[in-house]
Structures are given as C-alpha cells and as structure tokens.
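As structure tokens, the structure follows; a few thoughts come after it.
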Amino acid sequence: MTGARAWERALVVAALALACALPFALSGFRAFQFTQVGIYAIALLGLNILTGYNGQISLGHGAFYAIGAYTTAIMLDKWNVPYGLTIPVAGLVCLVAGFLFGIPALRLEGLYLALATFALALAVPQILKYFEHWTGGSQGIVLSRPEAPAGLTLTPDQWLYFMTLGVLVVLFVLSANLLRGRTGRAIVAIRDNPIAAQAMGVNTALYKSLTFGVSAAYTGVAGALSAVAVAFVAPDTFNVFLSITLLVGIVVGGLASISGAIFGALFIQFVPNWAQDISKAAPWAIYGIFLIVFMYTMPRGIAGSLKLVLNRLARASGGAGGPV
Amino acid sequence: MKVHGVQARGKEEIMTRRRIVTLALVAALGLAVPTSPVSAETPGVTGTEIRIGHTNPYSGNASAYGTIGKVIAAYFTKVNGEGGINGRKINFITYDDGYSPPKTVEMVRRLVEQDQVAFLFNTLGTPTNSAIHKYVNAQKIPHLFVATGATKWGDPQHFPWTMGWQPNYQTEGHIYARYVLKNVPNARIGILYQNDDYGKDYVKGFKDGLGDAAKKLIVMEQTYETSDPTIDSQIVNLKNSGANVFFNVTIPKYAAQAIKKSAEIGWKPLHLLNNVSNSVGAVLKPAGFQNSKDIVSTFYLKDPTDPTWKDDQGYRDWLAFMKKYYPEGDLADLGNVFGYTAAQGLVHVLKQCGDNLSRENIMKQAASIKNLSLPMLLPGIKVNTSPTDFYPIEQEQLAKFDGERWVLFGEIYDAGKK
C-alpha cells in the first residue's frame, strides 16, 4: 500500500515536471492544444466530483461552462476588468447557479436528473442569444488574447498555458483535500447508500446541493479560462455536444478519480483529431471504435487501469526489495 | 558587445574560415534558388505545390454545409489532374470544426503553424470566422472568400487580410430597396425581421438603399425571436398598418408561417422574401404554392434544379464535373454550386499571381479581380474587387415565383454602384 503511494507521488512529481517543460519544447500551436487539455481537465474534475463521487448524473455541464465563459467575456468586453479577476468571479457565479439548480434537482434521481440537466444544456445557447445586448447574440463576443505580464519573457501561448496549469494545480489540490476528508466521505456515502448516509447524520440535501455548486464552479472556471484562451465566445460553442463530450471524458478518464480528469481531457482533446487524420470520411465512426476499445480494455477508465498497474508494480518491487 | 569583439579578434582564423563556409552556403543557395523561386518566402509554396487551408463543419448541427468542402476538394482534384496552376499542384487541407469556434481556432492554428499553409480559403460560418478574424490578420495570412453572408468581412481598412465572397445581407437589402423605389410609386413598407445581427444587417442595407425616403416609406417594423412559436400577431399588425410592401427577413420556418398567415388574413402586399428562405422545398412548398405566388426574391447562382439551364454550357460542365469527380454529391444541393464557383474564383486569383505567390501578392491579386465571369453565376453577374472593395459578388437578380418555380426577371442589380 505504501509502495503504491510512493509510486503515485513519484508519478505526480514527474508529471508536473513534464508539464512545466512542455511549452518550451513545443510549438505555439501545441502549447495551445495542451492549454485546452488543462481547461478540459478542470471541467472534467468538476463533473467528476458530481457524477463520479456523488453519483448525480449531469448531461448539462456545458451550460455551466457557458455561464463561466460568458461571465468572463462580458466583464472583459463591457467593463474592461483584468482577466485574472474575472476567473474567480466566473467560478463564484457558477457556484451560485449550480447550488440553485441543485435544490430542485434534489427531487430527481439518476436518469431523471440526467434529463433535467440535459434540458439545461439545450436551453442555455438559446438564452444566450436572447440577451443580445450583453452576449452579442449569435455573433458572440470577440476578445483580445492576453500578453504575458511585463517582466516574463513568455509568448502569449506559453503564458496562457502556465496560467491554466497554475489554476489547475490549485483546484486539483483543493479537490483532493475536500474529497479525502470528512466531506468527501459524506459525498461518497450519499452515492453508495443515501439512506445509510442519512442515518449516519449526513445532511444529504445540503451536501447534494453543495456538491452541485462546487462542481458547477469548477466547470465555470474552465469555461472562463477557455474564453480567455480562445478569445471568442458564441452560443454555438456551448451546444449539447459539449456536455456529452464532458461526460465521455470522465468515464474514459476514470469515474471517481482525480487524475482521471487529466486522462479524460487528453482523450477528448486528441482522439477526435486522430480520428479525423485516420479517416476524413467517417471520423466519428473511428472515434466510436476508440471509445468502445477503451471501454472494453479499461472498464474502470484510464485512471483505474493505471492504479491497477501501479499496485502490481509496488507489489513486485516490494517482493524484490525484501531479500536485500 | 565588447567582450564579444575581443573574442572574435582572438579567433580571427576561425572567423575567416566561417566566412568562407557562409559564402559557400550562400552560393549553394543561390544555385538552388532558381529551381524553386519562392519557396524561401511563403510557407506552403514550393515549385510544385501550393498548400491551402480550409475548415468546414463535416459533423454537428451545421454538417449540411459539409458538402461545400467536399466539392471544393473535388474541384482541386480536377485542377491538379489537368496540370495544376502554373505547374503547381494544389494541396487542399481541410479539417472538421463541427461549427464550434474553439475548434476552428485550434484547426486554423494547426493549418497555419503546423501544416504551414500559404493561406486560408472559404472557411465556413459566421461565428467560426469571427473567432479567427483577429488571429489571421495579426499573422498576416490571406483569409480569402469566407463562406458567410455577414457584412463585416469586407473591411480592408481594419482587416486587410480577410475577404468575403457571396453577396452579403446588406447588399441584398440594398437591392430590394432599389427595386421598391423604382417600381412601387406609393410604397408603404412593413418589415418583419429576426431580432439579431442577421436581421439587422438586412434592414440596415434596406434603409441605406432607400436613403432619405426610408423614414417616410417605412410605416412599421416588427421583430421576432427565434424562441417565438409563431409570428402571427406580427403579420396581423403589419396588415393593419396599411403596408402594401412586405419585406420579410426571416429564416425558413418563420418565412413559411408568414406566407401562410398573410394569405389566411387576405393581406396581399408586394412580398419581398430574403434569399435565406427562398428554397422551394423548405419554404414555399410547406407554405403552399398558391399562397407563394408572386413573391419576389434574389438569386446570384444558377439553381441546378431550374430547367432554364438544361442546355446551358456552364450547367452542363458542372454536371459533368459532378459526375466524374464527386459522384456521391447531391445534384439538387445549391452548396455544390456554391463551392464549385468559389473554387473557380480562387483558381483565377492564383493564375493571376503568376510565379509570385507571396502572401502580399496573393492578397493584392485577390483585391484586383476585374469583371470576372464564372460559369455558374447568373449571366451578367461579375466578380469585382479593388483595394477598397473586399466584397467580390455584389450583384443579384430578382425572381418572381410563378406558382411552381422561380422565374428570373429584370436587370442585374449592382449594389456596388451607387
């Protein structure tokens, strides 16, 4: 057990070192792609807290992603707020929106909740078009890409990458602390057996709504970062497909796993592109094949399989280390 | 600086040797240059190839437009089969963006930074092009003949690297205005438009076309949202305003409703229907052919389903091309005429560039097209651009629906000429 921990820690350090070196070894375009991976990873972590840990299925997280993105875009466009400030605000707005949506969602379980959130995903692009004065209607809002702050000799791509990485690390550490403690146990207990959890004194209604809020806040921060990185928001970006893509990401990455968010993000960012390179005629058929292969060979997601391998490695090295 | 100088003096011998190597290299390059005159200047251009980038929604909600990318690729296959352009083959790289702006940004950056295309051509969609507008202009990449009807693509002063293609919404609004001024002496105009940029673009062009008379002639303006279930009350209001001209700026679903409702309540104005909704199958048929009679709309391409063109050389060439290079393409889809015509426009520009395929020259030649006729444009419609005019097609012809099909009539309207 401790062996596996050590391996895990070593891997996290190695991954962080690699992540820091990455933008210097890659072109601007690749750095931009990995920035998107980071953004997706934050959104996936948010959804995973809700679906993976708490067992509430959401088909509508694209809506919170949109709210986050538009909060940032409107603040930048209308009031010239520094972009760094808009990101926590977007998170807060989504926290409130998610919490409020979580209250009526309490009455809905499983597939019924999935449908209610699906409705949210369908509604948001149209609502965005309705408030044209603020959102720019179907034409969206064009923003400027931020430069690196004076004193840092980074290209805008590298700066955006590191900003995203910074936000990602902070949010991942926060969620790890949240989920490993008392709160995390309550969240998981509600998923596994809500009646038992209630009997143990867990306020299920409060915890479920709060989980919804926190989950929405993470996804909203991701949306805000994407608005800054892409420098453009439009309703068409945030269609139902985005919500489904996020769900695909957490399942492929590994449900109820923090590192799974990163694997899932790599999958949803790069696999559609590979599929397109393999076949121009039927890229989504290829994507489907990838998806089926992944689900068959790694039924617990990439993170789940990796954990299995790590445990085996730890056992093997423990056995080899014994005699010495 | 000083330290560097000292070091250099100390290594004089190495310096001279280095200079000789440099000279030799320059000489070698000098020999190599004539075989591929521009390869060093423009990414994506060699002596045998021109690399062109494109994005299109092959998947997602807007995938009906996917055929445009496919027909363009098919046309370049034909051009390459016939020897290419000035000996260079076109390498057309097209990616799916699913009509999602962030994906467009990613794909366009891939095209520019990784695939090193010489320029972008006919990237499709208004929001998608908006997302890359600043980027391509900052990078100074020609962004030619974008496939969208918005008006903002012809702004050479602020965006000198982006150029439109099809007649834009304002152009079309202008044309209806000129028709009304000329043909309806006591016009009282009622307008119904979608409350967004698309609707407002049309209305702006229309009012500009009417000029000072606009205030007097327009008796009522009504709007709707795409979330409205019907527009019945707007039609009733327009009728009660006493309007005898109805400018209908609506998308297909509402256009069909408007036609039906006006017939129901017995309102018979001169009905001007925007090009967006003049599809016979999608709008006029569900609205009822009898109700649609005498509606006026605009066209600029030859409709492949129109029997008028049965023996037209341009149409027959298009048909032969479709059968040979894109047999799975739908012969009734206007998108296949659109892409074919845009690709021909681009080939014209590249031929005009000669051997100078620098990005500056590609842009310069795109901005100096003079009276170009293309086979699937309506007879008399010509492509024209200049350094201050980035709207290639600004002419359209009116057509009246005779109860079965559109019948072209009257002169070609040119919104470019005031």
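The set of residues in the stretch A:147-157 that are within 14 Å of another protein chain (Cβ to nearest Cβ), at pLDDT 85 or above and either surrounded by 19 or more Cβ atoms within 10 Å (Cβ to Cβ) or assigned to a loop (DSSP other than H, G, I, E, B) (or both) comprises A:T155, A:D157.
So which residues in the stretch B:349-375 are crowded, with 22+ Cβ neighbours inside 10 Å and part of a loop (DSSP other than H, G, I, E, B), if there are any at all? Answer for the stretch B:349-375, where residues must be crowded, with 22+ Cβ neighbours inside 10 Å and part of a loop (DSSP other than H, G, I, E, B): just B:L357. Exactly one residue among A:L255, A:L247, A:L266, A:L242 is in a loop (DSSP other than H, G, I, E, B) and within 23 Å of A:H61 (Cβ to Cβ), and that residue is A:L255.
When you check A:L206 against the structure, is it crowded, with 20+ Cβ neighbours inside 10 Å and either in a helix (DSSP H, G or I) or in contact with a Leu (Cβ under 7 Å, 6 or more places away or on another chain) (or both), yes or no?
The answer is no for A:L206.
Within the stretch B:150-167, can one find any residue that is assigned to a helix (DSSP H, G or I) and free of Cβ contacts under 8 Å to residues at least 40 places away in the same chain? Within the stretch B:150-167 (the criterion being assigned to a helix (DSSP H, G or I) and free of Cβ contacts under 8 Å to residues at least 40 places away in the same chain), the answer is no, since none of the residues qualifies. Checking the stated criteria, B:G87 turns out not to satisfy the condition of being at pLDDT below 95, over 18 Å from B:F145 (Cβ atoms) and within 14 Å of chain A (Cβ to nearest Cβ). Helices (runs of 4 or more DSSP H) fully within the stretch A:1-90 that include at least 2 residues being within 14 Å of another protein chain (Cβ to nearest Cβ) and on the phi < 0 side of the Ramachandran plot: A:28-48, A:61-79.
Only one of the listed residues (B:I132, B:I218) is hydrophobic (A, V, I, L, M, F, W, C) and within 14 Å of chain A (Cβ to nearest Cβ). That residue is B:I132.
Looking at B:G98, B:G53, B:G60, which one is assigned to a strand (DSSP E or B), farther than 24 Å from B:M322 by Cβ and in the same structural domain as B:G345 (by TED's automatic domain parsing)?
Selected residue: B:G53, the only one of B:G98, B:G53, B:G60 that is assigned to a strand (DSSP E or B), farther than 24 Å from B:M322 by Cβ and in the same structural domain as B:G345 (by TED's automatic domain parsing).
Between B:L374, B:L350, the distinction of being more than 22 Å from B:K140 (Cβ to Cβ) and of a type outside the set (S, T, N, Q) belongs to B:L374 only.
Among the residues of the stretch B:244-280, those identified as farther than 17 Å from B:Q194 by Cβ, surrounded by fewer than 22 Cβ atoms within 10 Å (Cβ to Cβ) and in contact (Cβ under 8 Å) with a residue 40 or more places away in the chain are B:N244, B:P269, B:L270, B:V280.
Here's the yes/no breakdown for (1) within 8 Å of chain A (Cβ to nearest Cβ); (2) modelled with pLDDT of 90 or more:
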| site | (1), (2) |
| --- | --- |
| B:G83 | no, yes |
| B:K103 | no, yes |
| B:F121 | no, yes |
| B:T126 | yes, no |
| B:N137 | no, yes |
| B:K140 | no, yes |
| B:G149 | no, no |
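Of the residues making up the stretch A:110-145, those that are closer than 24 Å to A:G55 by Cα and of a type in the set (F, W, Y) are A:Y112, A:F118.
The values are calculated or read from the model by the stated rules, or taken from the named source; none is laboratory data. It should be emphasised that the depicted structure is a prediction, and the values quoted were computed from it without experimental measurement. Don't worry about glycine lacking a Cβ; one is built from the backbone with ideal geometry, like all the others, and counts go over all protein chains shown.
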